[in-house]
Structures are given as C-alpha cells and as structure tokens.
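Notes to accompany the following structure.
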C-alpha cells in the first residue's frame with residue numbers, strides 16, 4: 001500500500017487535498033505545506049502531467065521562498081490536470097470548480113502559475129474572494145504582466161556577478177522557457193546590457209549569436225508563434241537549448257529540466273533558476289564542483305510571491321517593485337557570502353537560512369504547522 005505520509009517531515013505538509021469533480025472533468029491537488037508564518041500563498045499550475053509529488057515539491061519551495069524573503073506567509077501549491085491551451089470556457093469551468101471546492105481551506109491564497117494567469121485569478125476572486133495576482137481593473141497587481149519575477153531575477157543577477165568573472169554588459173543569455181518569467185527576465189537583463197542569444201519554448205530552440213530583439217520576440221509569442229519563427233534565427237530542437245554556450249543560463253519552465261544525465265552539457269558560468277525546482281540537487285552539486293554559480297529557485301525567483309504578498313496587503317506596484325529589489329539583493333548576497341565562507345553549495349546555504357526562519361515561526365505557535373487563530377486569513 002502506498003504510504004500517504006511519504007512526504008511528511010518536520011516542516012509539513014499540514015494538508016494534502018485531492019479534488020475531483022466529474023461534471024467538468026476536474027482533477028486537482030492542493031498541498032498546504034507550512035503556515036506557521038501566516039496563510040500560504042502559492043500559484044495554481046495547470047498541465048496534463050502534474051502530480052501530487054510535484055505539487056508537494058512546489059509547495060515546499062514556496063515555504064522556503066516565503067521564509068527566506070521574510071514574508072508573513074507559508075507555502076502552498078495547487079495543480080490542475082489539463083491542457084492550459086484548452087478553450088477559455090472550459091478552462092474557466094475548471095478554475096471555478098477548483099476554487100469552489102477549496103472555498104473553506106482558508107489557509108491557502110490562490111495565485112497565478114504556469115498555465116494560469118491574471119484572468120484565472122479574477123475568476124477565483126469572483127468565486128471565493130481569495131486570490132492575488134489580479135488584473136488592475138479589479139485592484140490587483142498583475143505580476144505576470146509587469147514581470148515581477150523577472151525583475152527579481154535581474155537583481156539577483158546583479159549581486160551574483162560580484163562573485164563571477166564577467167560583467168553584465170555584453171553577457172550572453174540563454175533562456176529555456178519564454179513565458180511570463182523568461183521573457184521578462186530577458187527584457188530586464190537586456191536593459192542592463194546583456195544580450196539574449198538563445199531561447200526555447202515547447203516547440204523549439206532559436207539561436208542568434210548577434211542577439212535577439214526581445215520586444216520583437218515577445219510580439220511573436222503574443223501572436224501565437226514560436227521562438228523559431230524569429231527571422232534569421234537558427235532553429236534547433238527544444239533540448240538543444242541546454243548546449244548553447246553562454247554566460248547566463250536561465251531555466252524558466254518545468255521542473256527537473258537539468259538532471260544528472262544532461263547537466264554535463266551546460267556550458268555557462270551562471271545559472272539563475274527562474275522556474276521552481278528546475279534542476280535536481282545532484283545536478284546542482286555537479287555545477288558547483290565545476291565552478292558554475294547556481295542561484296537556486298527560492299532565492300532567484302521570489303519576486304512573484306513578494307509582489308503577491310504586497311498586493312494582498314494593499315500595496316501599490318511601485319512599492320512592490322522596490323520591495324522585490326531590496327529583498328532579492330539582500331537574500332542573494334547573504335546566501336553567497338555564506339557560500340564563500342562555508343564552501344557549501346548555494347542551495348544548502350539558502351536552505352539553512354530558510355529552515356531556520358520557518359522553525360523560528362513554528363516556535364511561536366501552539367501547533368507547529370498551522371494556526372487556530374480567528375481571522376488567520
């Protein structure tokens with residue numbers, strides 16, 4: 001028999017809920033990991049091949065991310081089995097059903113993630129009144145539209161370069177996944193002088209040594225085309241994005257893209273993890289041994305959840321961007337100073353910082369993983 005507590009450890013998860021509604025074909029999972037610091041914020045991911053394990057790993061990443069960013073929130077994540085490119089009407093039904101089924105799970109606050117967006121969060125808000133990453137028209141800060149995560153990545157990169165042997169101006173960037181995170185990370189870094197030479201989406205990889213016009217590339221994607229449709233670009237298969245020599249490599253798509261079997265193909269100096277859990281722990285160890293600096297996900301891509309937390313408390317967009325800049329720079333430097341002193345890999349140093357903060361929050365609770373306080377959300 002499968003052990004239903006196989007994910008349980010000293011930090012959580014406090015709840016794993018499987019959701020099923022046959023009338024609309026909904027199959028989903030919610031993991032509320034640890035909410036000692038406050039109600040969990042985590043995105044809703046939609047993909048055909050999600051799983052409970054992936055949902056747990058993503059929820060744990062959110063616990064660590066929120067803790068290391070000093071947010072009064074715990075970690076959670078929801079996944080919905082389905083093709084995010086389905087007709088909007090069908091997608092809305094699934095989102096509404098998922099939100100309605102979790103109406104009473106008040107320690108979880110919905111946010112956008114891969115396969116969902118601001119419009120999806122507006123549906124959740126309409127259904128249960130509890131979501132972040134909302135459209136401007138209903139008082140939100142559309143974090144994907146403005147590029148909150150990419151903004152944070154650009155500041156993590158600034159700090160990381162103090163520990164690298166190259167400058168931002170002229171640095172060659174490769175981005176795997178040109179969605180809400182990847183396109184904005186490329187845009188903000190290019191504004192600092194870097195050059196995007198390689199980019200991949202689900203349909204292929206495009207390579208252009210002299211660099212892409214990022215606005216033109218974004219326009220192509222917004223009109224339903226692939227990065228491979230960029231004029232004059234060399235088109236390769238999606239996996240080839242791993243092999244392009246560069247200075248900065250940014251995974252910004254699915255989990256476990258880089259693992260023990262392909263990590264040796266990376267030819268870069270700095271990795272900024274734009275996606276959640278995009279590189280396995282063993283692969284990160286390999287990169288560290290080879291002298292490649294790897295900034296882990298819950299440090300590099302915390303801009304999105306910082307923005308969401310600010311929105312939840314009624315902050316404006318300018319204040320959110322300022323908070324992201326300050327927190328990302330501080331967290332990245334604290335982690336890298338720890339690496340320099342200890343010789344540990346960046347993720348292990350970041351884990352120590354985050355877990356220490358989670359445990360301190362747990363120490364203030366009667367029940368270590370959750371709260372029974374009225375008005376918790």
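The values are calculated or read from the model by the stated rules, or taken from the named source; none is laboratory data. The model shown is predicted, which means the values in this text are computed figures rather than measured ones. Glycine gets a Cβ as well: all are built from the backbone with ideal geometry, and neighbour counts include every protein chain shown.
If I ask for residues that are surrounded by 18 or more Cβ atoms within 10 Å (Cβ to Cβ) and assigned to a helix (DSSP H, G or I), which ones from segment 239-281 would you list?
Narrowing segment 239-281 to residues surrounded by 18 or more Cβ atoms within 10 Å (Cβ to Cβ): 241-242, 244, 246-255, 257-258, 263, 266, 268-279.
241, 242, 263, listed by residue number.
Could you list all residues from segment 99-117 that are within 21 Å of residue 274 (Cβ to Cβ) and either surrounded by 23 or more Cβ atoms within 10 Å (Cβ to Cβ) or not assigned by TED's automatic domain parsing to the domain that holds residue 75 (or both)? First the steps, then the outcome.
Looking only at segment 99-117, we keep the residues that are within 21 Å of residue 274 (Cβ to Cβ), and these are 111-117.
Scanning segment 99-117 gives 111, 112, 113, 114, 116.
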Query raised in the report: Can we say residue 189 is at pLDDT 95 or above and buried (at least 22 other Cβ atoms within 10 Å of the Cβ)?
Result: yes
Report summary line: Scanning segment 20-37 residue by residue, those crowded, with 18+ Cβ neighbours inside 10 Å and more than 14 Å from residue 367 (Cβ to Cβ) turn out to be 26, 28, 29, 30, 31, 33
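For residue 208, are the conditions met, namely being surrounded by fewer than 21 Cβ atoms within 10 Å (Cβ to Cβ), free of Cβ contacts under 8 Å to residues at least 60 places away in the same chain and touching a strand residue (DSSP E or B) at 6+ places or on another chain (Cβ under 7 Å)? If you could, list the steps in order and put the result at the bottom.
Values: surrounded by fewer than 21 Cβ atoms within 10 Å (Cβ to Cβ): yes; free of Cβ contacts under 8 Å to residues at least 60 places away in the same chain: yes; touching a strand residue (DSSP E or B) at 6+ places or on another chain (Cβ under 7 Å): yes.
Yes: the conditions hold for residue 208.
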Query raised in the report: Does any residue of segment 334-348 turn out to be farther than 28 Å from residue 112 by Cβ, within 19 Å of the chain's Cα centre (by Cα) and not assigned by TED's automatic domain parsing to the domain that holds residue 156?
Result: yes
**Report entry** Residue list for segment 304-360, filter: out of contact with any helix residue (DSSP H, G or I) (no Cβ under 9 Å at 6 or more places or on another chain) and within 20 Å of residue 138 (Cβ to Cβ)
**Finding:** 312, 313, 314, 318
Report summary line: Considering segment 73-85, residues that are within 27 Å of residue 224 (Cβ to Cβ) and modelled with pLDDT under 95, and then whichever is surrounded by the fewest Cβ atoms within 10 Å (Cβ to Cβ), we arrive at 85
